[in-house]
Every structure is written in structure tokens, then in C-alpha cells.
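Q: Pasting a structure below so you can have a look.
Every read-out reported here was derived from the displayed coordinates using simple, explicitly stated rules and does not represent laboratory data. Remember, predicted model here, so these are calculated numbers, not experimental data. Note: ideal-geometry Cβ built from the backbone for every residue, glycine included; neighbour counts use all protein chains shown.
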Amino acid sequence: MFSTDERGNYRVSFLLPGRYRIEAALPRFKTAVRENVVLSVDDRLRIDFTLQFGEGAEKLMITASTPLVQSERSSVGTVIDNQKVVELPLNGREFRALAQLVPGSLSPAPGSALSFREGFNVVGSRETANNNLLDGIDNNDPAINNFTLQPILDSIQEFKILANASAPAYGRGSGAQVIVSTKSGTNDLHASAWEFLRNDKLDARDFFNKEESAAKPPFHRNQFGATAGGSLVRNRSFFFAAYEGGRRRQVFTTLEPVPTDAFRKGDITGQSLPVFRACGVCALR
């Protein structure tokens, strides 16, 4: 419960992302109620109420939706909600691949610092200029400016990418602000478990191993995990835990040159590669 100042202004901070129900009450006025107010990560919403004269027991339901444009801030950002995180296919379960859904986001150039670490650049900035935050805490590797702690995909509630004109509170990086919010427990106990399986029995034959008589190289990969969340003290203290593991056993198919009989006898003629012959004696001085 929060009170307004003498002008009727109010401010509520440190709320978790989710859906909220807001009531505004004043003696000799009807109570105004707004349902299903969606608060996303890094949102700053302005919710105004107009109270009408009437009995305090009466409630006035307001059905207006949350404004799509936040005129109180100049930054431009995109929220990737939990539905996209869970349902969209991801190679390697790397959540930052979803950054491609953000307008102006591109994969880094091949051979760049983060081209093999799922990096991305936004509106022309370098991928090493991004600033990574995990639940409001700095999560940057000082060497390559990548995530220090990689959150498990199933533990992410949602994340937001601010493309430009970020607030001075962020600072540090001149590129995008990657703001990740993890899940928390609720009053109800929830748990989940999952596993992804790959093995040679289900895979196609390797392109360089076309002989039907040749056996496919053994390959077994198990990627598994579980989550659990609930309350320690109802309405006061909550917990959420997530685990992910991986096991892989694999035999690789490689191509190796086999020496000919002539090569074994010292005859190096006919070789496709240039051969440098040593001549003379190198005197040491």
C-alpha cells in the first residue's frame, strides 16, 4: 500500500515484472480499479486515475490498456517475453540468439571478437560495446565484454534490449543495453524437468562416410535440466532454482593422407606438394 503526496502524485519502485492490479481509494470517492497492468523489465509506466464522488464501497473498474508508447523516456527498446524464450527454437539453447528479433540487431561480422560467442550488434554499434545486466547487476566479462554468468534458458523470465538513447543510469557501454530478468518463486510450488537426446541411431550418415559397409561413428549427447520454485514464507519469501547439464560422447570422422609404397621406399617423385631438398653442409659459427 502506498500513499500519494498532497498533489496526488505517487511512485512505486522495485517491482518485479508481471501483471498487477492497482486500486486508488479516497474517502467519499468511489474506489478506482485497474486490472491486468503488465509491467515488463525496465518499464516505467504512468498510470493515472480519475476518482468519482460516491460511496467508498463502490468500485469503478477501468478497462483502458497500458499505453504502447512510453512518452516519459527517450530510449527505444524491445522486450523478449517468456513465451518467446520458451517456445521459439534455439540452437544450443542460447537466449541471445533471440536478439535477432530486435529491429536493428545483426549478427557480428565473421571473424570478429564475438562472432563465435553468440554476440550481436545493434544499430551499427560494435558487439563489444554492449552492456549486460542480470537482475540489475553488472554481468560483463572485462576481457571480451560478454556475459560473465550465462543464465539457464529456463530460468529467464524475460529480457529487454535498449537500442539507443539509454538513460544515464546505465552508462558504461555505448552499444545496446541487454537487461535480463530471471524467474522467482510464487506462493504455489512449480517444478519442471526436460532432456534433449541425440545419438547415432537417429542421425544421418556423415557426408564423408558414404560407404554402406562402414559403421556410423558413435555419437551420444544428452542435454538435461530441471527447475523448481515456491515460497518459504507465504507472501513474503520465495525461492527458485534451476540446473542444466550436458554429456557428450563422440567419435569424429577425419581424413588422413596414406603414404604410397613408393613414398615408403623414399621415392618422392610425383608428389603434388613441393619438396625442398637439403644440399650442402650448414656450418655452425
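Q: At R0 = 25 Å, how high is the FRET efficiency between N36 and L232 if r is their beta carbon distance? Nearest 0.05 is fine.
A: Values: r = 28 Å, r/R0 = 1.11.
In this case the efficiency is close to 0.35.
Q: Let me ask you something else. Using +1 at the C-beta of Lys and Arg and -1 at the C-beta of Asp and Glu, which of L98, S155, S166 has the Cα lying farthest in the positive direction of the dipole of segment 77-182?
A: Among L98, S155, S166, the one farthest towards the positive end of the dipole of segment 77-182 is S166.
Q: Could you sort 142-153, 174-185 so that the peptide with the highest average Cβ count within 10 Å comes first and the rest follow in order?
A: Sorting 142-153, 174-185 by mean packing, highest first, produces 174-185, 142-153.
Q: Among I268, S237, N199, pick out the residue whose Cα is farthest towards the positive end of the charge dipole of segment 184-271, where Lys and Arg carry +1 and Asp and Glu carry -1 on C-beta, about the Cα centre.
A: Going by the Cα projections, it comes out as S237.
Q: Normalising by the residue count of segment 77-182, find the relative contact order in percent from Cα pairs under 8 Å and 6+ residues apart.
A: Numbers: 183 pairs, mean separation 33.6, N = 106.
Computed over segment 77-182, the figure is 32 percent.
Q: Here is a follow-up. Using modelled amide H (1.01 Å from N, peptide plane; none on Pro or chain starts), what sits under 5 Å from the amide H of N164, excluding residues fewer than 5 places away?
A: Those qualifying (amide H under 5 Å, at least 5 residues apart or on another chain) are V76.
Q: What's the extension gain from L202 to D188 if we count 0.36 nm per residue and subtract their Cα-Cα distance?
A: 1.2 nm is the gain from fully extending L202 to D188.
Q: Straight-line reach from K201: which aspartates and glutamates fall under 19 Å, measuring Cα to Cα and dropping same-chain residues less than 8 apart?
A: Partners found: E211, E212.
Q: Something else about it: Can you work out the FRET efficiency for the pair I152 and I268, with r the C-beta to C-beta distance and R0 = 51 Å, to the nearest 0.05?
A: Calculated transfer efficiency: 0.35.
Q: What are the ³J(HN,Hα) couplings of segment 219-229, residue after residue, when phi is run through the Karplus curve with 6.51, -1.76, 1.60 and θ = phi - 60°? Round to Hz, x for glycine and proline.
A: 8, 9, 9, 10, 10, 9, x, 7, 9, 8, x
Q: Put +1 on the Cβ of every Lys and Arg and -1 on every Asp and Glu Cβ in segment 107-209; which of I179, N130, N140 then has its Cα farthest towards the positive end of the dipole?
A: Working it through, the farthest residue towards the positive pole turns out to be N130.
Q: A follow-up question, please. Under a crude label model (7 Å from the Cα following the beta-carbon direction), how far is L88 from D48 in nanometres?
A: 3.4
Q: Can I ask one more? Run the numbers for F224 and L106: contour at 0.36 nm per residue of separation, minus the present Cα-Cα distance, in nm.
A: Full extension from F224 to L106 adds 39.5 nm.
Q: Sketch the reach of a paramagnetic label on R11 as a point 7 Å from Cα along Cα-to-Cβ, and name the residues of segment 149-190 whose backbone nitrogen lies under 20 Å away.
A: 166-171
Q: Separation between the A129 and S174 pseudo-spin-labels, each 7 Å from Cα along Cα→Cβ, expressed in nm?
A: Modelled inter-label distance: 0.5 nm.
Q: Can you work out the FRET efficiency for the pair A143 and F239, with r the C-beta to C-beta distance and R0 = 22 Å, to the nearest 0.05?
A: 0.10
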